[in-house]
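The values are calculated or read from the model by the stated rules, or taken from the named source; none is laboratory data. Nothing here was measured: the structure is a model prediction, and the numbers come from that model. Reconstructed Cβ throughout: ideal geometry from the backbone, glycine too, with neighbour counts over all protein chains shown.
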Amino acid sequence: MRLLIVEDEPGIALVIEDVAIDAGFEITGIAGNMSEALQLGSEADIAIIDVRLGDGITGPSIARALFSGFGLGVVYFTMNPDLIASPEERPVVTKPAGPERIVDALSMAAKNARPRTNRVASGHTFH
């Protein structure tokens, strides 16, 4: 399973990367903002997304775009779960979290991802 990490704090992104690699995930990239996430989205199957990035509370918008545009399963990773309007739609991991919780949430997201063979280029342009 191919994972995109959307996190603007490099130290946290590297911890997620280490945990995910140890659990058998392939990392397709680390994005620090919405623009980077949308550029890298087509290469991944799932994404773990910080809700509040340097460009604002863009996590929910990124999640919707990655799911609708590329079929990615999504996990929110945040200190502020109250910023998510509909948390029941996607797994939420509250920071700080142990490796087991992160891996469990990534596994849940993998179940929600569209299979790569069923994905169709959406033709959307994300701004």
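For the range 21-36, the count of residues that are of a type in the set (Ser, Thr, Tyr) and surrounded by fewer than 16 Cβ atoms within 10 Å (Cβ to Cβ) is nonzero.
Determine, yes or no, whether ASP55 is farther than 19 Å from LEU3 by Cβ, at pLDDT 85 or above, surrounded by fewer than 20 Cβ atoms within 10 Å (Cβ to Cβ) and acidic (Asp, Glu). Considered against the rule, which asks whether it is farther than 19 Å from LEU3 by Cβ, at pLDDT 85 or above, surrounded by fewer than 20 Cβ atoms within 10 Å (Cβ to Cβ) and acidic (Asp, Glu), ASP55 comes out as yes. Looking at the range 55-65, which of its residues are among the charged types (D, E, K, R) and outside any loop (DSSP other than H, G, I, E, B)? Within the range 55-65, ARG64 is the sole residue that qualifies. Got a number for residues in the range 16-54 being in contact (Cβ under 8 Å) with a residue 40 or more places away in the chain, of a type in the set (Asp, Glu) and not in a helix (DSSP H, G or I)? Summing the residues that are in contact (Cβ under 8 Å) with a residue 40 or more places away in the chain, of a type in the set (Asp, Glu) and not in a helix (DSSP H, G or I) in the range 16-54 gives 2. When the range 59-97 is filtered for residues that are surrounded by 14 or more Cβ atoms within 10 Å (Cβ to Cβ), of a type in the set (Val, Ile, Thr) and over 12 Å from the mean Cα position of the chain (by Cα), only ILE84 remains.
In the range 78-107, of all residues being in contact with a helix residue (DSSP H, G or I) (Cβ under 7 Å, 6 or more places away or on another chain) and in contact (Cβ under 8 Å) with a residue 60 or more places away in the chain, the one that is farthest from LEU3 (Cα to Cα) corresponds to PRO99. Within the range 98-111, does at least one residue satisfy the condition of being surrounded by fewer than 16 Cβ atoms within 10 Å (Cβ to Cβ), modelled with pLDDT of 90 or more, not in a helix (DSSP H, G or I) and not hydrophobic (A, V, I, L, M, F, W, C)? Yes - at least one qualifying residue is present in the range 98-111.
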